1. Pairs of alpha-carbon atoms within less than 8 angstrom and 6+ residues apart define the contacts here; what relative contact order does the stretch 18-198 have, in percent?
2. Taking Rh as the Kirkwood radius computed over C-alpha pairs, what is the Stokes-Einstein D of the stretch 68-114 at 10 °C in a medium of viscosity 1.306 mPa s, expressed in µm² per second?
3. Determine the alpha carbon to alpha carbon distance for each of Lys119/Lys167; Lys16/Lys180; Lys139/Lys179; Lys142/Lys180; Lys44/Lys179 and list only those over 30 Å.
4. So for the chain, taking the charge dipole from beta-carbon charges (+1 Lys/Arg, -1 Asp/Glu), which of Ala174, Tyr197, Pro187 sits furthest toward the positive end?
5. Using the Kyte-Doolittle scale, find the helices of the chain whose mean hydropathy is at least 1.6 and whose Cα atoms extend 30 Å or more along the helix's long axis, counting only whole DSSP H runs.
6. Using helices alone, I'd like the mean residue ellipticity at 222 nm for the chain: each DSSP H run of four-plus residues gives -39500 (n - 2.57), total over residue count, nearest 500.
7. Find, among the trypsin sites (Lys or Arg not before Pro) in the stretch 60-162, those assigned to loop by DSSP (not H, G, I, E, B) with at most 16 other beta-carbon atoms within 10 angstrom.
8. Which residues' amide hydrogens lie under 5 Å from the amide hydrogen of Leu97, considering only partners 5 or more residues apart or on another chain, with H built in the peptide plane?
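Values in this text are rule-based calculations from the coordinates and carry no lab data. Being a predicted model, the structure only gives us computed values, none of them experimental. Neighbour counts are summed over all protein chains in view; Cβ atoms, including those assigned to glycine, are modelled from backbone coordinates with ideal geometry.
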Amino acid sequence: MATTIVNGTAAVTTAKPKVVLDAILTAQLIVAWAGEAGDAPRLKWWRTDLASEFGGKDLFKRLLPHTWQWAVLEGAREAARRRDAELRAQDADPDRLITLFRLGFEIDEHVDEHLADLKRSGQPPADALAGLRDVIVEKWSKPAFTDWISGHGETAVVSAPVGRRLKGEEPQSAELLVKKLVAALHPLADAYPMPHYRRATG
């Protein structure tokens, strides 16, 4: 249990199990990495080139020799979060939208803390999060990324002004929520389709 201050009020929050945080962070890092552009573009959803040999890798290897692999992925994740935020801001009520990069204050906070803990552990990303190994590789493969998405199952979506809205109620399980948001990336689009749930008011 942990105490968090929200709008000046103390609220008790429950920490998510490590396996859940691992699953969320793995999904975020994979999608963020796949969305990069640059000299060796992948999906070109955000204008970053952090994971290429002569882009972000070269810079971070010199600046952060012990944690450069984390820095590369964390930078791509931040680019994805900013693009996600830009799209949400176009909605009439952006605070109601739940996306892969904005899962709600409590979950987002736990995921950020977990990322910081993993960086301090001294393990490289692929050892700390084994799920990264099959997708984040030197040679980009769109079919492999599509297969990874397919492994998250299927979900129904409808087109919305700011992306793809998932039908039905938002799952209470954070792990299932992320699986459905990832599944809704299919089919791949030229621009980030921002799968999202619209949370009910009240």
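1. RCO, the stretch 18-198: 24 percent.
2. D = 137 µm²/s.
3. Result: Lys119/Lys167 exceed 30 Å.
4. Going by the Cα projections, it comes out as Pro187.
5. none
6. Calculated from helices alone, the mean residue ellipticity at 222 nm is -13500 deg cm²/dmol.
7. Answer by residue number: Arg133, Lys139.
8. Arg199
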